[in-house]
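Presented below is the structure to which this report refers.
The values are calculated or read from the model by the stated rules, or taken from the named source; none is laboratory data. Just so it is clear, the model here is predicted, and its values are computed rather than measured. Backbone-built Cβ (ideal geometry, glycine too); neighbour counts: all protein chains shown. In case anyone asks, the SASA skips ligands and DNA or RNA and just uses the protein heavy atoms, side chains included. Shrake-Rupley method; radii C 1.70, N 1.55, O 1.52, S 1.80 Å.
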Amino acid sequence: AYGLDKRKEGIVAVYDLGGGTFDISILRLQDGIFEVLATGGDTRLGGDDIDNLMLRVALEDIASEWGEDLSRNQEAVQLLRRAVIEAKHALSVLPRTNIVFEYKERRYARELTRDVFTRLVMPIVERTLAPCRQAMADAGVTPEQIDEVVLVGSSTRVPLLREAVERLFRAKPHCELNPVQVVALGAAVQASILSGQQTDKLLLDVTPLSLGIETMGGLVSRIIQRNSTIPASATESFTTAVEGQTNVLIHVVQGEREMVKDCRSLARFDLKGIDPMPAGFPRIEVRFLIDANGILQVSAREQRTGKEQSVEVKPSYGLSDDQVEAMILESIERAEDDFAERQVREMRVEADNVMQAVEKAKQSDAWFERPEDERERVNRALNELLVVYHGDDHNLIRVKIEALDEATRPLAETIMNTAVNHALKGTKI
């Protein structure tokens, strides 16, 4: 609407305060391509909060003047709401105005100055600035790097808000056009792009939540991070944890928490037909690809055998803005507990691997060749690890793993020497 697409390059902030929600987007423009660097906002904050605040003050004033509480009278409340909204609109262009309300042959009139209005709405305006700062941090930009600021939504007509936005971004915001018409014009342009009628512009969106798969211990391994640009692609390699494993379950999850149980399950599929191999030998490449329509394709391929399976899902399906925001806020609030639980789970996975390796080693001839006191030391270290295994102290589990590792070192060296001797037997060097 403002012709910012004519710029060769630049970073644009879009500040959108509508009736019921607040959104902030940081975009990079380069050669006609708009790339969303970060998004944020508050789905429980909007112009309605300003109206409700003015309405509450007017109701208290009327109750004091008339000696009557009208807050439960729906008809009177709606008429008064209309009056305060008209006053709010007037204060966008005038230094003072009157709230005029007539009901059942009674009349209420109160002058309201812009200074008083400013003091009333200052806390609401301040609440919008925190998500703006967070969005800039997520995008990795400073206010000095913002070239243009666009105001969207009818509530951005408030002079105080425009001044606060200009101070924060250190750039005079675009507010010359009707902020409600800007939305309609932009939607029409985007529809033109999606229908293929307009080919000289492209809007690149971002993923609202991280995407990953479940790994050992019920942990989440994130493959595509939150706020990654769409289209997006990422690949990671994994392996098996069980001897002779021929099937691998790929569980795709979405969210910011560390445990699978706290994230949103998107899909499950089996990668079948893997040749039986020792644990850790198969190389399973998991690829995530999100196309321009927001469709996620997950594929898993075992490199040695070429076996492959895939699934398609739409990560945003069934998720409202409120739910996305709630998931992000919960991940922040529970971050410390989640990280502590992840550390314990990771130590338990490592302990499982070590204990399995020791039990396997105890079946070999090398085990019976070791001195009895050494075998007792290994068994004692193994039992001590089992005692702390189910505890919540990851440091203690680590200490016991290291103690078991130390106790089994001579045994490991013997097994390695035996394997090398067998491999080199009859070979000339």
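Could you give the Stokes-Einstein D for region 219-344 in µm² per second, using the C-alpha Kirkwood radius, 25 °C, 0.890 mPa s? Translational D for this selection: 154 µm²/s.
The alpha carbon centroids of region 24-61 and region 173-187 are separated by 14 Å. Cross-link reach is defined here as a Cα-Cα straight distance under 19 Å, omitting same-chain residues fewer than 8 places apart; for residue 8 the aspartates and glutamates meeting it are 31, 35, 144, 147, 148, 200. Dipole orientation for region 300-402: of the candidates 328, 367, 344, 367 has the Cα lying most toward the positive pole (charges on Cβ; Lys, Arg +1; Asp, Glu -1).
The slack between residue 198 and residue 234, meaning 0.36 nm per residue of separation minus the straight C-alpha distance, is 10.0 nm.
To put it simply, the accessible area of region 60-164 at a 1.4 Å probe is 46 percent carbon and sulfur.
At 222 nm, what helix-only mean residue ellipticity would the chain give, in deg cm²/dmol to the nearest 500, using -39500 (n - 2.57) for each DSSP H run of four or more? Before the final figure, lay out the partial values.
Values: 10 runs with 185 residues, N = 429.
So the helix-based figure for the chain works out to -14500 deg cm²/dmol.
Take the alpha carbon gyration tensor of region 163-232, find the square roots of its eigenvalues, order them as a ≥ b ≥ c, and report rounded if a/c is under 1.5; if not, report prolate when a/b exceeds b/c, else oblate. It comes out oblate by the Cα gyration axes. Applying 0.36 nm per residue to the separation of residue 215 and residue 383 and subtracting their alpha-carbon distance, the gain on full extension is 57.9 nm.
For region 266-410, the calculated P(r) over all alpha carbon pairs, in 5 Å bins from 0 to the bin holding the longest distance, is 2, 8, 11, 11, 11, 13, 13, 13, 8, 5, 3, 2, 1, 0 percent. Each Lys or Arg adds one and each Asp or Glu subtracts one; over the other residues with Cβ under 12 Å from the Cβ of residue 96, this totals 0.
Give the accessible surface of the chain per residue, rounded to a whole number of Å², with probe radius 1.4 Å and ligands, DNA and RNA excluded.
On the way: 23570 Å² over 429 residues.
Heavy-atom accessible area per residue stands at 55 Å².
Computed over the alpha carbons of the chain, Rg followed by Dmax gives 31.4, 114 Å. A crude spin-label estimate for the pair residue 363 and residue 48, with each label 7 Å from Cα along the Cβ direction, gives 6.4 nm. Put simply, when 13-22, 115-124 are sorted by average Cβ atoms within 10 angstrom per residue, most first, you get 13-22, 115-124.
For the pair region 69-105 / region 223-238, the C-alpha centres are spaced 51 Å from each other. Put simply, when 38-51, 339-352, 384-397 are sorted by average Cβ atoms within 10 angstrom per residue, most first, you get 38-51, 339-352, 384-397.
Once the cut-off is 22 Å, how many percent of the Cα-Cα pairs in region 42-170 end up in the long-distance tail?
On the way: 3636 of 8256 pairs.
So the portion of pairs separated by more than 22 Å is 44 percent.
Where does region 1-114 land on Rg(C-alpha)/(2.2 N^0.38 Å)?
1.53
Could you work out how far the C-alpha centroid of region 267-319 sits from that of region 400-414, in angstrom? What the calculation gives is 36 Å, centre to centre.
Give, as a single signed number, the net charge of other residues whose beta carbon lies under 9 Å from the beta carbon of residue 251, with Lys and Arg counted +1 and Asp and Glu -1.
On the way: positive: 268; negative: 214.
It works out to a net charge of 0.
For residue 209, list long-range residues whose amide hydrogen, built 1.01 Å from N in the peptide plane, is under 5 Å from its own amide hydrogen. Amide H neighbours of residue 209: 227.
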